[in-house]
Structures are given as C-alpha cells and as structure tokens.
Amino acid sequence: MPSLPSPLPEFEVTAAPRRGLPVAVLAHAGDSPLLGPGGADLGADWAAAVGLTGKAGEVHTAATQGAGIRWVAGVGEGSAAEWRKAGAALVRAFESRAATDADAGRRVARSLQLTLPPDAESEQIAELVLGVSLGGYRFTVTGKPAKPRLRSLRLVTSSPDELRPAVERAAAFAAGTAATRDMGNAPSNVKDPAWLASTAVKLAAQLPGLHVDVHDEQWMAAQGFGGVLAVGAGSVRPPRFVELSWRPPRPVGPHVALVGKGITFDTGGISIKPADGMHLMRTDMCGGAAVIAALVTVARLGLPVRVTGLVPIAENHVSGSAYRPGDIVTHFDGQTTEVTNTDAEGRMVLADAMGYAVSRVKPDLMVDVATLTGAMKITLGLRTGGLFATDDDIADRIVQAGKRSGEAWWRMPLLPELEEGVVSDIADWRQCPPGPSGITAAWFLRQFTGDIPWAHLDIAGPARADKTYDEVVPGATGFATRTLVELVASYAS
C-alpha cells in the first residue's frame with residue numbers, strides 16, 4: 001500500500017528565479033512571439049515548427065536559444081478551467097520526461113520553475129496549482145521502484161505577496177481532493193470500516209479544533225442504528241460510525257451538517273451485483289471520503305463556520321447473516337423501512353446518520369453526498385453530479401460552489417407525484433419504490449431530514465473516472481470534496 005496521504009508537489013512563490021532549475025513558461029492562444037525569462041525570444045519560427053497554438057493542455061519542449069526554457073504550456077484563452085488543464089498537462093509532461101530520463105540512466109529533474117505572465121490573476125494561478133497538484137496524482141500498489149514525481153514548483157512572479165494566499169488555499173483544496181482519492185482507491189482487502197474510520201482520525205490528528213469520534217457496532221446497537229447494522233451484518237468486518245466536529249471559536253453563518261455514504265465494498269448483498277464491474281465497488285465510500293476530506297480542509301483553512309461531518313461505514317457482503325429483501329429495519333429515529341433490494345444499501349445507512357443529525361446534531365442545514373444510484377450515472381454521465389434540494393438558496397450555493405471549484409452539478413426535480421411511491425404497506429417506507437430511481441431514492445432520504453433545509457448530492461457518475469481528462473486521472477476522482485468546502489466557505493463572509 002502507498003503511504004497515505006499521497007505526496008503532492010510543494011509550491012514556492014517568489015520574485016527571484018533560481019539558476020539551474022528547468023524553466024517553464026505559459027502561452028495564451030495566439031501568442032507569438034513568445035518571451036521567456038529576461039525577455040528571451042523563442043521566436044515565431046520555433047513556434048511554427050512545433051505547431052504551438054497556445055490552446056489549453058498543449059505542452060512543448062523548448063530548450064532553445066539559451067533562454068533556459070524547457071517547457072511551454074498553453075493556457076488557451078485564459079479561463080480558470082484552462083489554467084487548471086494547463087497545470088495538469090504540464091506536470092504530466094514533466095513526469096513523463098523524468099521517467100524517460102530515469103530509464104535511460106540520465107539525471108532526473110525533481111523540481112521545476114514556472115515564469116508567470118505579469119498579468120496573471122490570483123484565480124488563474126490557484127487553478128494552475130490545482131492542476132499541477134492533481135494532474136500528476138497516481139495511486140499504485142506495486143513492489144517496483146516508484147516513478148519520478150515532481151517534488152516542487154517554484155512560481156516566479158513580480159507580485160509574490162499578492163498571489164501567495166491563493167496558492168496556499170489551492171494547495172489545501174488539492175490536498176483534500178487527493179485525500180478523497182486515496183481513500184477511494186485503497187483496495188477493500190485493506191479498506192474495511194475500521195481502516196476508513198482510523199484514516200479519518202489520522203487525517204484530522206494534526207488540526208487543532210477538529211474533533212473525531214469513532215463509534216463501534218456495540219454503540220450503534222445501543223443507539224438503534226438499524227440501517228447501518230443491517231447492511232453490515234453480512235460481513236465479518238463490523239461497521240463504524242464516524243462523527244467529525246469543527247467548532248471555530250467565533251462561528252458565523254449556519255451550523256452545517258455533511259453526511260457521507262461510507263460503503264467500503266458493495267457486493268449488493270443477497271441482491272447480488274453482476275460480476276462485471278464489481279471490482280470497482282471499492283469506491284462506493286467516496287461520499288464518506290469527501291465528507292472526511294472536506295472537514296479536514298475546512299479545519300486546515302480555519303473557516304469560521306461550524307461544521308459536523310457524519311459518515312456511516314459498512315461493508316455490504318453476502319453470508320448467512322446478511323440482511324434480506326422483505327426485512328423491516330428500524331432506523332435511529334424510530335422510522336421503519338421495508339427492504340426490497342439489498343443493493344440499495346446506501347440509503348439505509350444514510351437514513352440512520354441523517355436521523356442522528358436531526359435529533360442529536362441539530363444543524364441549520366444538511367447536505368448528504370453519496371455514490372447512490374446507477375440511474376444518476378446514466379442520466380448525467382461521468383462528469384456531472386446530481387443535485388436535489390428542498391431549499392433554492394442551498395441549491396444555488398452548491399451550483400456556484402461547484403463552478404468555483406471546477407465541479408459541475410445539475411439540479412434534479414423532486415417530482416411530487418413520486419413521493420407516494422416511497423410509502424410501504426407494512427412499514428413506514430419502502431426502500432426502492434418503482435419509478436426513476438435517482439429521484440425516488442432522494443424522496444426516500446427526504447423522509448429522514450425533519451424540517452431542516454437539505455440537499456442530496458448523487459455522485460455515482462463523477463466519483464470515479466476511467467480515463468484521464470483535465471486534472472482527473474483514472475480511479476477515484478475526489479469529486480464533491482472541493483464543492484463541500486466552497487459551500488461552507490460561502491457562509492463565512
């Protein structure tokens with residue numbers, strides 16, 4: 001297993017270039033001629049020869065004319081998303097060259113110096129840092145020597161004091177996203193409920209003011225967490241319930257509760273999944289991981305908003321003790337659910353945690369996040385999260401938080417004619433009513449929110465990627481982590 005958290009590049013913001021470091025510069029679309037350090041002109045002939053267009057994600061080697069420039073990366077028209085894409089492409093090109101040099105026995109560079117344009121804005125630099133941090137992320141369990149990685153990036157600018165806060169904030173967001181990826185990518189023979197709970201404790205350990213409680217199955221049985229205990233009953237590795245609490249000394253805004261699904265592996269239980277794709281169910285806890293990492297990031301940034309994170313963790317397995325279709329489960333708040341499909345286990349564990357939030361935590365608003373339904377993946381694809389909300393302000397804040405963090409959300413309707421399908425004939429609620437399952441799942445969860453303003457984030461599609469794009473690499477993406485932090489930050493001002 002790689003050590004967690006995964007190492008990310010360090011950043012230095014300075015006005016003074018350092019001799020001896022490989023140098024990179026940025027090119028906007030249509031830039032020509034291109035100027036390097038000290039005004040060295042790379043020349044229109046060189047740009048034409050390599051086909052430089054400056055589009056985002058384009059990277060060329062450029063050791064020429066004594067300018068000391070090794071790389072030229074395009075930032076397109078200069079939007080935040082294009083700068084993030086440029087940073088990711090640059091770090092991938094750098095590390096690919098480093099791997100080639102290592103294989104050939106040549107000296108391998110571990111640091112890079114990037115000369116920033118004088119008109120670069122803090123938002124653009126923040127997105128560049130995010131791209132550099134996450135574009136080179138990798139999680140590989142191997143006994144082979146590690147491939148070379150970028151250890152540090154020196155950002156050379158005429159206004160270091162002005163840009164440094166944006167760089168530090170972006171690095172914190174990147175660390176949170178990478179932590180979610182780490183937890184999602186960890187194999188499930190290692191990642192049992194106890195491991196995920198202990199990882200939350202480890203990540204929070206160095207952050208004063210962030211408190212973590214881990215509750216075991218005996219505590220949950222005494223408290224009445226019927227949903228979590230039912231889902232975890234089929235596994236020899238018992239469930240856990242993690243409660244993270246961030247209480248700044250002088251809080252502003254609402255008390256926010258974040259609830260995340262933490263299914264460390266999902267066989268589907270007795271309603272077993274097809275074999276194809278089941279190996280990917282190690283990422284079925286990415287909602288819980290996003291909540292853990294978001295609380296850690298909120299604490300790292302010192303945001304003055306009170307936040308509570310709740311993560312019910314279980315392994316949905318098949319055995320003689322597994323819960324069954326037809327069972328009736330009593331949740332923490334006393335409401336009952338008729339089980340109709342054991343593969344809809346996410347809503348079972350969330351119901352307990354949400355009922356606990358209403359009764360014990362008493363927040364002003366609540367947001368849950370989960371890899372909940374395949375229907376949402378089919379509806380919105382692999383790069384957009386589904387958003388349901390009972391409150392227009394929360395929905396708007398989440399969409400805007402996603403735009404600021406580079407994560408796309410699409411608001412889905414809570415169609416009133418589908419609510420009655422959640423009602424059971426033999427219990428309070430039916431776990432899986434007929435109809436569009438993404439919406440009916442949201443209606444089921446709605447029954448456990450009390451009168452608290454609430455939003456539900458279904459990230460079944462974008463929580464995992466099968467190919468590289470922008471700052472995303474195959475595997476767990478860390479999706480929703482940055483949106484949750486930006487949402488909390490929106491209440492800080």
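Quick note: the coordinates plus some simple rules give every number you see, no bench work behind them. As the structure is a prediction and not an experimental result, all values here were calculated from the model. Using ideal geometry, Cβ is built from the backbone for each residue, glycine included, and neighbour counts are taken over all protein chains shown.
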- Message: How far apart, in nanometres, would the label points at Lys362 and Asp425 be if each is projected 7 angstrom from Cα along the Cα-to-Cβ direction?
- Response: 4.1 nm
- Give the Kirkwood hydrodynamic radius (Å, one decimal) of the chain, defined as one over the mean of 1/r across all pairs of different Cα atoms. 23.5 Å
- Item | Under the Debye formula (equal points on every Cα, no solvent term), log10 I(q)/I(0) of the stretch 342-493 at q = 0.11, 0.12, 0.13, 0.21 Å⁻¹ | -0.42, -0.50, -0.59, -1.42
- Item | Within-14-Å neighbourhood charge of Trp219 [Cβ basis; K, R +1; D, E -1] | -3
- Over the chain, the sum of -39500 (n - 2.57) across DSSP H runs of at least four, divided by residue number and rounded to 500 deg cm²/dmol, gives at 222 nm -10500 deg cm²/dmol
- If Glu338, Glu471, Glu345, Glu168 are placed from fewest to most neighbouring beta carbons inside 10 Å, the sequence is Glu168, Glu338, Glu471, Glu345
- Taking every other residue with Cβ under 9 Å from the Cβ of Lys85 and scoring Lys and Arg +1, Asp and Glu -1, one gets -3
- Message: Distance cut-off 18 Å, Cα to Cα: go down the list Lys85/Lys403; Lys191/Lys273; Lys191/Lys467 and report the pairs above it.
- Response: Lys191/Lys273; Lys191/Lys467
- Inverting the mean 1/r over all pairs of different Cα atoms, compute the Kirkwood radius of the stretch 10-165 and quote it in Å. 15.8 Å
- Return the percentage of antiparallel bridges among DSSP beta bridges fully within the chain, rounded to the nearest 5 %. 40 percent
- Query: Helix by helix, which DSSP H runs in the chain go 27 Å or more along their axis at the Cα atoms and have an average Kyte-Doolittle hydropathy of -1.0 or more?
  - Reply: 80-103, 160-185
- Ranking of Ser3, Ser158, Ser79 by count of other Cβ atoms within 10 Å, fewest first: Ser3, Ser158, Ser79
- Roughly speaking, what is the stretch gain from Ala222 to Ala99, that is 0.36 nm per residue apart minus the C-alpha to C-alpha distance, in nm to one decimal? 38.8 nm
- Message: Nothing charged except the Cβ atoms of Lys and Arg (+1) and of Asp and Glu (-1): what's the magnitude of the dipole of the stretch 186-490 about its Cα centre? Round to the nearest 20 debye.
- Response: 1000 debye
- Note on the structure: Dividing the mean separation of Cα pairs under 8 Å (6+ apart) by the residue count of the chain yields a relative contact order in percent of 15 percent
- Subtracting the Cα-Cα distance from 0.36 nm times the residue separation, let me have the gained length for Thr53 to Ser493 in nm, one decimal. 154.4 nm
- Message: Whole angstrom only: what separates the Cα centroid of the stretch 333-379 from the Cα centroid of the stretch 162-239?
- Response: 17 Å
- Query: Tell me which aspartates and glutamates have Cα within less than 15 Å of Lys144's Cα, excluding those fewer than 8 residues away on the same chain?
  - Reply: Asp103
- Message: Counting other beta carbons within 10 Å of each residue's own, what order do Cys432, Cys286 fall into, fewest first?
- Response: Cys432, Cys286
- Item | Contact order relative to length of the stretch 94-225, as percent, for alpha carbon pairs under 8 angstrom and 6 or more apart | 28 percent
- Query: On the first, second and third principal axes, largest extent first, how far apart are the outermost C-alpha atoms of the stretch 124-171 in Å?
  - Reply: 44, 15, 13
